[in-house]
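Single-structure report; data block below.
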Amino acid sequence: MAATTDSPEQLWRTQFDEQITNDMMERVLKQTIALVRRVERKTPWRDLQSEDDRLHTAIAKTLAGTLRWDPTRVDLERHLLGAIAGDISHEIEHATNFRHRSLDEERTNAEDFARETSNALAGSREAKVEIPK
């Protein structure tokens, strides 16, 4: 009888299936809630997603291969928490780089906002103008 060797994908999937338990998912959800609360206390950022959505996104990215997981280096729980923390960090960084202007604010002048938006769009169009060869 010939010995069968498992491919790295099969080993990866086996590790994933073994490690993704209800207990592990509960721990990740609780730690996600704690992380979001801590970040919300220290920054003006507010989370618009539920902890379930964040966990689902991390799992989906991992299964799709857009988020790489090496089971020989880190367990699935820490991998998912790292992915969630990375997504939150990215959102905070994005929020600081691109300020949010609410149309609902009393101090916001809709005409000034429209003019500012038009100027920004015109500037981006000018930057993208291509000269034909």
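The values are calculated or read from the model by the stated rules, or taken from the named source; none is laboratory data. Just so you know, these numbers come straight off a predicted model, no measurement behind them. Here the Cβ is made from the backbone with ideal geometry for all residues, glycine too, and neighbour counts use every protein chain on show.
Could you figure out which of (1) at pLDDT below 90; (2) surrounded by 13 or more Cβ atoms within 10 Å (Cβ to Cβ) isn't true of Gln31?
The failed condition is (1).
Return yes or no: is Ala110 modelled with pLDDT of 90 or more and in contact with a Leu (Cβ under 7 Å, 6 or more places away or on another chain)? Steps first, answer last, please.
Numbers: modelled with pLDDT of 90 or more: no; in contact with a Leu (Cβ under 7 Å, 6 or more places away or on another chain): yes.
Against the criterion (modelled with pLDDT of 90 or more and in contact with a Leu (Cβ under 7 Å, 6 or more places away or on another chain)), Ala110 does not qualify.
Can you name the residue in the stretch 46-59 that is in a helix (DSSP H, G or I) and surrounded by 16 or more Cβ atoms within 10 Å (Cβ to Cβ) and is also modelled with the lowest pLDDT among such residues? Talk me through it step by step, then tell me what you get.
The initial filter retains those residues of the stretch 46-59 that are in a helix (DSSP H, G or I), namely 51-59.
Next, only the ones that are surrounded by 16 or more Cβ atoms within 10 Å (Cβ to Cβ) stay: 51, 54-55, 57-59.
On the way: Glu51: 89, Arg54: 92, Leu55: 93, Thr57: 94, Ala58: 94, Ile59: 93.
Ranking the qualifying residues of the stretch 46-59, first place goes to Glu51.
Please state which of the following conditions Lys133 fails to meet, knowing it meets all the rest: (1) basic (Lys, Arg); (2) loosely packed, with under 11 Cβ neighbours inside 10 Å; (3) at pLDDT 80 or above.
Of (1) basic (Lys, Arg); (2) loosely packed, with under 11 Cβ neighbours inside 10 Å; (3) at pLDDT 80 or above, only one is false for Lys133: (3).
Taking the stretch 60-93 only, how many residues are farther than 19 Å from Leu48 by Cβ and surrounded by 14 or more Cβ atoms within 10 Å (Cβ to Cβ)?
Result for the stretch 60-93: 10.
Would you be able to say whether some residue in the stretch 34-45 is part of a loop (DSSP other than H, G, I, E, B), modelled with pLDDT under 90, farther than 18 Å from His90 by Cβ and out of contact with any strand residue (DSSP E or B) (no Cβ under 8 Å at 6 or more places or on another chain)? Walk me through it before giving the result.
Here is the first cut: in the stretch 34-45, the residues part of a loop (DSSP other than H, G, I, E, B) are 43-45.
In the following step, the residues that additionally are modelled with pLDDT under 90 were identified as 43-45.
If we keep only those that are farther than 18 Å from His90 by Cβ as well, we get none.
Looking for residues that are part of a loop (DSSP other than H, G, I, E, B), modelled with pLDDT under 90, farther than 18 Å from His90 by Cβ and out of contact with any strand residue (DSSP E or B) (no Cβ under 8 Å at 6 or more places or on another chain), one finds none in the stretch 34-45, hence no.
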